[in-house]
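Take a look at the following structure, please.
Values in this text are rule-based calculations from the coordinates and carry no lab data. In this text, all values refer to a predicted model and were calculated from it rather than measured experimentally. In this analysis, Cβ positions are derived from the backbone assuming ideal geometry, glycine residues included, and neighbour counts consider all displayed protein chains.
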Ligand code: GH3
Ligand code: MG
Ligand code: MG
């Protein structure tokens, strides 16, 4: 019979962490001895943080089955649906390590008794290797000995399975583990707690599931980290020096850039009012101390899923499909924000309205597909030839807008001329044919006489119209001054 290795909770320093039930608690000399107990196990077996892509899993998961007997390997193979898994087999420990490094499988099963190198040694080598840091190892043995199980966990195995396992058990475990990895693999999680012990333990739990974790010891440090990097989920404690959890939640909520980032608030069991205050302040949920590691992970997984879905929706709502640029709606949002900042701090900003010349004729002559290619290439050229601090938008069919932060009319006119020249110089290619287009532009700068964002757009548009009237392929400033041609 297979051992039940689902998680149980273990109470350590004020909160619970999850442990495999198969862990021989009472008989474990390490637990009684202190230092090398279960936390030590987490520390030894958890992979190092990594910075892989977020969540998207390939169509088929790779699994390696390592056992000396081809018959037993065939039996294990039956656990995995060939439509969902790509199975590789190894006949000894050395081959298992080689395949683990070459394929970075999602899961590997290792039998303890194997030629050349036994399963335990192979397991230790695989979990230590960078290439297989996200590989889950299942150790398979005919031994019932708790000491063997302990050694398997110490070597980095996530599960210990008896050779007499029930049919379907390994397959079900693989499905479970891969679903968990799917949602936390590469998820960016920020853990905020003033207790180093709690931070480290929570981080290690998360890292074991493939999350990328950052740690902060109070709210202020958390905000600093959030300003520098995007997170999918934040987990925060309440009592902390400098800035407590509640103040952190309030700060996150009031900042529009952090909209959609779920915050999981950790409260003491008996403080219902605090939990309510945290939710009122904008936390997505709370979890009571002491908590089980398994529950914490389950909640973070669901928040990571939510966070990805929200980000995807935000992306869809703000980007133009053809060019990948920000869309018209985002242009108005950012223009409004730019306007408010300029009004408040009296900083300059300018905008450039751009329109592709004679584009209707271009479509008629070369076809819509060629037109689409030109639009997406034009978008790329506009981005490449403007500053990183400038925002480029597609605001209409063949109409673009560039917002130049902290830039006056002279600076923006130089930028517009650079963009015009870049388009004039560029040779597009469609189905082997070289094609050319030009653009016209109009530039306007914010000033105290401009009452609202619409007005600055109207000025840039009027200047653009003037460029068209004067013959196209040129830049006009809203003050009527001429713009030197750079080519
Ligand atoms: P002007 O120099 O005065 O701007 O002339 P124009 O022909 O570019 O201007 P007009 O506004 O009359 O026509 C714009 C054309 O842009 C109409 C349409 O065929 C084309 N267009 C708009 N959106 C798309 C698009 O998504 N793909 C393609 N291929 N063409 C588009
Ligand atoms: Mg046009
Ligand atoms: Mg137009």
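Can you compute the equivalent ellipsoid semi-axes for segment 418-487, i.e. the square root of 5 times each eigenvalue of the Cα gyration tensor, sorted largest first and rounded to whole Å?
Details: eigenvalues 166, 32, 20 Å².
In descending order the semi-axes read 29, 13, 10 Å.
Moving on to the next point. For residue 312 and residue 345, what does the FRET efficiency come to when R0 = 41 Å and r is the distance between their Cβ atoms, rounded to the nearest 0.05? List each step's numbers first, then the result.
Values: r = 34 Å, r/R0 = 0.82.
Calculated value: 0.75.
Hey, rough spin-label estimate for residue 175 and residue 462, points 7 angstrom out along Cα→Cβ, what's it come to in nanometres?
For residue 175 paired with residue 462, the spin-label model returns 6.7 nm.
With the contact rule set at Cα under 8 Å and sequence spacing of 6 or more, what percent relative contact order holds for the chain? All intermediate terms of the calculation are to be shown ahead of the outcome.
On the way: 892 pairs, mean separation 50.9, N = 487.
Taking the mean separation of contacting Cα pairs over the length of the chain, I get 10 percent.
Over segment 299-398, what is the relative contact order in whole percent, taking alpha-carbon pairs under 8 Å and six or more residues apart?
The normalised contact order for segment 299-398 reaches 39 percent.
Restricting to Cα atoms and excluding each atom paired with itself, what does the Kirkwood estimate give for segment 306-442 in Å? Working shown, then result.
Working: mean 1/r = 0.0630 Å⁻¹.
Kirkwood hydrodynamic radius for segment 306-442: 15.9 Å.
Taking the 0 to 90 degree range and rounding to the nearest ten, how far is the long axis of helix 272-281 tilted relative to the main principal axis of the chain, both from C-alpha atoms?
For helix 272-281, the angle is close to 30 degrees.
State log₁₀ I(q)/I(0) for segment 113-170 at q = 0.18 Å⁻¹ as given by the Debye formula over alpha-carbon point scatterers of equal weight, solvent excluded.
Here the Debye-derived log intensity ratios amount to -0.61.
Please list the three semi-axes, largest first and in whole Å, of the ellipsoid equivalent to the chain, using sqrt of 5 times the eigenvalues of its alpha carbon gyration tensor. It would help to have the intermediate numbers written out before the result.
Details: eigenvalues 637, 188, 49 Å².
Over the Cα atoms of the chain, the ellipsoid semi-axes are 56, 31, 16 Å.
What is the packing order of peptides 212-221, 145-154, taking the mean over residues of other C-beta atoms within 10 Å and listing the highest first?
The most tightly packed comes first, giving 212-221, 145-154.
What's the angle, to the nearest 10 degrees (0 to 90), between helix 169-184's Cα axis and the longest principal axis of the chain?
30 degrees
Return P(r) of segment 336-402 (all Cα-Cα pairs; 5 Å bins starting at 0; whole %; ordered from short to long distances).
4, 15, 23, 19, 15, 10, 7, 5, 3, 1
Extent of segment 222-307 along each principal axis, from alpha carbon coordinates, in Å, largest to smallest?
33, 28, 21
If you look at just the Cα atoms of segment 221-379, how large are its Rg and its Dmax in Å?
22.3, 74
Helix 368-384 versus the longest principal axis of the chain: what angle, 0 to 90°, nearest 10, using Cα atoms?
Compared with the principal axis, the helix lies near 80 degrees.
Multiply the residue gap between residue 254 and residue 130 by 0.36 nm, knock off their C-alpha separation, and tell me the result in nm, one decimal place. Display every interim value, and only then the final one.
Numbers: separation 124, 0.36 × 124 = 44.64 nm, distance 3.96 nm.
Fully extending the segment from residue 254 to residue 130 adds 40.7 nm.
Between residue 358 and residue 384, how many nm apart are label points set 7 Å from Cα along the C-beta direction?
Distance between label points: 2.4 nm.
Another question about this same structure. Which percent of Cα pairs goes in each bin when the distances of segment 146-259 are cut into 5 angstrom slices starting at zero?
So the P(r) values, bin by bin, are 2, 11, 17, 16, 15, 11, 8, 8, 6, 4, 1, 0.
Here's another thing I want to ask about it. Once the Cβ-Cβ distance between residue 279 and residue 197 is put in as r, and R0 is 41 Å, what FRET efficiency do you end up with, to the nearest 0.05? List each step's numbers first, then the result.
Numbers: r = 27 Å, r/R0 = 0.65.
The pair residue 279/residue 197 has a calculated efficiency of 0.95.
While we're looking at this one, here's another question. Mind putting together the pair-distance distribution for segment 370-487? All Cα pairs, 5 Å bins, whole percent per bin, short to long.
The distribution over segment 370-487 is 2, 11, 22, 25, 20, 11, 5, 2, 1, 0, 0, given as percents.
For segment 309-369, treating each Cα as an identical point scatterer without solvent, what Debye log10 I(q)/I(0) comes out at q = 0.17 1/Å?
At q = 0.17 Å⁻¹ the computed log10 ratios are -0.81.
Pull up the DSSP beta bridges for the chain and report the antiparallel fraction as a percent, rounded to 5. Intermediate results must be reported in sequence, preceding the final value.
Details: 29 of 69 bridges.
Counting DSSP beta bridges with both partners in the chain, the antiparallel share is about 40 percent.
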